[in-house]
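Reading through the structure tokens given below for one structure.
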Amino acid sequence: MSSVWLVLVLWIFVNALIKVIQASSCAKIHTPASVVLAGSPVSVSCSIEDDCPLTKGKDFRVAWKMNNHFVPSNLSYQESNRTYGVIIPTLPDTEASIACAVCEEENCQIVNGVRVKAGYPPPVPKNLRCSLNLSSKKRFLCQWDPGQEKANLTTNYTLSIFRVISKKVTCDQYLIQSGAHFFFIPQKSSGLLSEVQINVTAVNVLGNATSETLKLIPMETAMFDPPEINRIEADVLGCLNYSWRLAKPQLWLMTPISLELRLKTVDNQQDNELALRFTKQQGSIINVCDLFHGTNYSTTMRVKYSSLSKWSKWSEWSDPKIATTIMTAPTGSLDTWLKMNDQNAQLYWKPSKNFRANGWNLSYTVESKKPKKTLCKTQESHCRFNLTDKVEKIYLRANNAAASSDHTEVPVYWNKGLGSVSNFSVHHQSETSVLIVWGGTPASLSVTGYVLEWRSLCETPAAPLSFTLMDKNISSTILTGLSPYKPYEMSIYPKYDKGIGSPHILVAYSSQKAPSVVPELNVMEISHSYVKLHWDEIPLEQRNGFIQGYTVYFWNETNNIKVIKTEETSVVVRHLQPLTKYKALLAVHTMGGSKNGSDVLDLATRDIDGIEMVLFVIPACIGLSLLVIIVFAYFGKHERLKMCLWPIIPDPANSSIKRWTTTDSVQGMPPFKEEKEPVLVYLSHFSLLDLDEKEPFKSDYVKENQWSRDIDSRDDSHSSFQTCVRNDSEHDRDSIPYATVVFGGPYQNHSSCPPAYVRSESTQPLLGADDPGSPPPYENVSPSGSVSKVQRFTTFPQNSTESEENEELWEEFPMLRSLAIRDTDHI
């Protein structure tokens, strides 16, 4: 069975091979150009052989395929009897396969084909540049940028070099391999010191393009190796002499070349850098003058062929060499700042703009002349010493190995603590600088200048004090050279003609950012309903700005989040659930940013213990008991509480005269206990009038009407008096005493002299007799039952006869409250 399948496969393969051989000998295909300009039409023709087995004795037609897809029939045509053609307007890609096929009905067999490419002429080479390497091989390298090349078309380059030799122009051309964009020109084709012209041409099947011509002297393009400084001598004050040479591969060059020296003071003695250029021949001496005396200079050198050519490039800098100019005595003055604290003095100084050390290993001497005394010697920029009241000036001088400078005079101001500036502020300028603004000094003092001082707060050991002196007309300055994210203490001192003012001090940052670290949360106290958290302050050097506050995020397993913001270093979280797990996270904020902690604190609240339960239950029970007692007391003593808390004010329009008894007077009144003499009646206000024995009533008119009441006789031991009550009902127990009371009976025999005129001070409306619409006026009732009408505010008659008719004067009675008087002898 397997042999049958093998025979079948072989038969199919042989049959297909025979057809291919037959088809390959059937036609010839031709195209005018296998590479065309992109966008151009493509013409292809196919000639069918007479003995083609695919067409002999058969009815056939010719079809065209491009990239295995049939070409529309309207693009094809028949040139002759057995020659067919096709014209394709443009290729769909940079390369296409076009085939001729013989078709019998729907069966088509490709008989021949051709590949056609589409592209562009080569782009113009750009940025042609050449450079000479002065190593032992002295190679002259030229390079260029090819532009955007098409990968389907091969581009070749030709480098051409033109030079004049004996007034004749010669040309050397070099064919460069495809894909290479550089070439090393042999030394024989380029004179290193003569001018040459160089260009490069790109060529492909569609055209060529030539770059711009480059004119140069090969030596101008040379990159020298760093030169060497052999020796530096200081033989003249303020001058240095340099001996130098080129590197070994360039020692053969003896033409003048350009040099540049860079001199920099060592350790920034003068914070000055010099760059000097010369044109010298190798082996000559370079002399540099006008340098600082006694100053260490570090010198480096570099060279190039010509300073006039745009092609010349500087070499790398040579290794530095250090030399020192001849020393002399320091010159110039020092800026000084003297701070006094009683007799303790601190003197700070720094070089002024005109100060020259003129040497090294500087030391300083502080001394006084009256009395002549050396106060301190130091190599630092500050010192401490004691001064007596007699010293008015001290002197500072700088010393080096050669000599000492002139004295800098420092005045001593014993007056301190004068007026300070009223406005002092620091503003951000950059990461390392701030703008400082100040102003406002006492008008009574004459300002001669200002001293601004500053120091870093987070250096260990403590940073030295820095200061600057400013003119009196300056009110702002920019302070530079600060470290970012570090705090500085800044102070401004006004200087007066009589002394130094008090400082105005601020702490400032040149720039701020988020803190470097976040403190760790600690649990100080925890219970069933609250937890107290605490954290340490961030170290000053890690704050990176002013701390604006803290945020504590507190949540439980159900993501019930509490956000607590505070400026303290502790916080209490309340209203928590007992036996519940919680998590806490701390965030710190500055003006420059915020930082969240990386460690989450896990904690759990406690259960309620017995002591806490007792402390909670006992107060609750006591409070509930008091509430019950108050409620029962209120409902049980409602009337008495009502009289104490809400006394009833009677209406004068509905009041009448009644006789008052002790029993009536105490009804509805709160009890009162007094050790000596209990008083059962409380009055808001009342006055007492006693009947005068000498003067009779001015009017004995008695009016009887429906308002009068019979007066019951009482026991002689009690006072008999009249009053006005609020209601017409005699038995109204809610009457309020509020009136003027006239005493009769036993009061007629009283020896004391009553006041002549009495009137209630009540603000309640009074009953007026002249008002026709008002009720009848109150009546004056005597103990015997008669009533006399008297004028308002009249005096009582002075009558000594006790048996005469009791006369009482009632004048515009206000509301009368219950009265009860047990013993009239004490009234």
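The values are calculated or read from the model by the stated rules, or taken from the named source; none is laboratory data. It should be emphasised that the depicted structure is a prediction, and the values quoted were computed from it without experimental measurement. We place every Cβ from the backbone using ideal geometry, glycine too, and count neighbours over all the protein chains shown. Please note that ligands, DNA and RNA were not included when accessible areas were found on the heavy atoms of the full protein model with its side chains. Shrake-Rupley method; radii C 1.70, N 1.55, O 1.52, S 1.80 Å.
Using just the alpha carbons, could you tell me how many Å³ per residue the convex hull of the stretch 225-269 encloses?
Convex hull volume per residue, Cα atoms: 112 Å³.
Percent of Cα-Cα pairs per 5 Å bin, from 0 to the last occupied bin, for the stretch 286-339, please list those.
P(r) for the stretch 286-339, in whole percents per bin: 4, 13, 14, 15, 13, 12, 10, 7, 6, 4, 2, 1, 0.
From the cross-link list Lys369/Lys416; Lys215/Lys264; Lys126/Lys321; Lys167/Lys310, which pairs have alpha carbons spaced over 31 Å apart?
Among Lys369/Lys416; Lys215/Lys264; Lys126/Lys321; Lys167/Lys310, the Cα-Cα distance tops 31 Å for Lys215/Lys264; Lys126/Lys321.
When ranked by the protection proxy of mean other Cβ atoms within 10 Å per residue, highest first, what sequence do the peptides 627-635, 193-201 form? Display every interim value, and only then the final one.
Details: 627-635: 10.2, 193-201: 17.9.
Peptide ranking by packing, descending: 193-201, 627-635.
How big is the gap, in Å, between the Cα center of the stretch 46-107 and the Cα center of the stretch 384-435?
104 Å
For the stretch 383-424, what D do you get in µm² per second when you plug the Kirkwood radius from alpha-carbon pairs into Stokes-Einstein at 4 °C and 1.567 mPa s?
96 µm²/s
Please list, by residue number, every one of the trypsin sites (Lys or Arg not before Pro) in the stretch 320-400 that is coil in DSSP and has at most 10 other beta-carbon atoms within 10 Å.
Taking the stretch 320-400 and a limit of 10 other Cβ atoms within 10 Å, the loop trypsin sites (Lys or Arg not before Pro) found are Lys353, Lys390.
Under a 1.4 angstrom probe, counting protein chains only, how are Glu95, Glu567 ranked by accessible area, largest first?
Glu567, Glu95
What is the packing order of peptides 529-537, 343-351, taking the mean over residues of other C-beta atoms within 10 Å and listing the highest first?
Result, highest mean Cβ count within 10 Å first: 343-351, 529-537.
Based on the Cα gyration tensor of the stretch 444-495, what are the three equivalent ellipsoid semi-axes, each the root of five times an eigenvalue, rounded to whole Å and given largest first?
Working: eigenvalues 130, 28, 12 Å².
Semi-axes from the Cα gyration tensor: 26, 12, 8 Å.
Let me cross-check Ser97: its accessible surface, 1.4 Å probe, with only protein heavy atoms counted, in Å² to the nearest 10?
Its accessible surface works out to 40 Å², give or take rounding.
Which three lengths, in whole Å and largest first, does the stretch 318-370 cover when its Cα atoms are put on their principal axes?
57, 24, 19
Over the Cα atoms of the stretch 448-592, Rg to Rh with Kirkwood Rh, two decimal places?
1.19
Please give the peptides 283-295, 547-559 ranked by average Cβ packing (other Cβ atoms within 10 Å per residue), highest first, as a rough proxy for protection.
So the order, starting with the most tightly packed, is 283-295, 547-559.
For the stretch 270-414, rounded, prolate or oblate, judged on the Cα gyration tensor with a ≥ b ≥ c (square roots of eigenvalues), a/c < 1.5 rounded, else prolate if a/b > b/c?
Values: a/c = 4.12, a/b = 3.26, b/c = 1.26.
Judged from the Cα gyration tensor, the stretch 270-414 comes out prolate (a/c at least 1.5, a/b above b/c).
Along each principal axis of its Cα atoms, how long is the stretch 411-512 end to end? Whole angstroms, biggest number first, please.
Sorted from largest, the Cα extents of the stretch 411-512 read 40, 28, 18 Å.
Over the alpha-carbon set of the stretch 99-206, work out the extent along each principal axis and list the three values in angstrom, largest first.
79, 29, 21
Rounded if a/c is under 1.5, else prolate if a/b beats b/c, else oblate: with a ≥ b ≥ c from the C-alpha gyration tensor eigenvalues square-rooted, which is the stretch 391-457?
Oblate is the answer for the stretch 391-457, as a/c is 1.5 or above yet b/c matches or exceeds a/b.
Label the stretch 471-549 by shape, choosing from rounded, prolate and oblate, from the square roots a ≥ b ≥ c of the eigenvalues of the Cα gyration tensor; if a/c is under 1.5 it is rounded, and otherwise prolate applies when a/b is larger than b/c, oblate when it is not.
prolate
Roughly how many Å² is the accessible area per residue of the stretch 48-94, as a whole number, for a 1.4 Å probe?
Heavy-atom SASA per residue in the stretch 48-94 reads 65 Å².
Using 0.36 nm times the number of residues separating Arg384 and Glu409, minus their current alpha carbon distance, what extension gain do you get?
7.3 nm
Let me know the Rg and Dmax you get for the stretch 497-537 when you use only its Cα atoms, in Å.
Taking only Cα atoms of the stretch 497-537, I get Rg and Dmax of 21.4, 69 Å.
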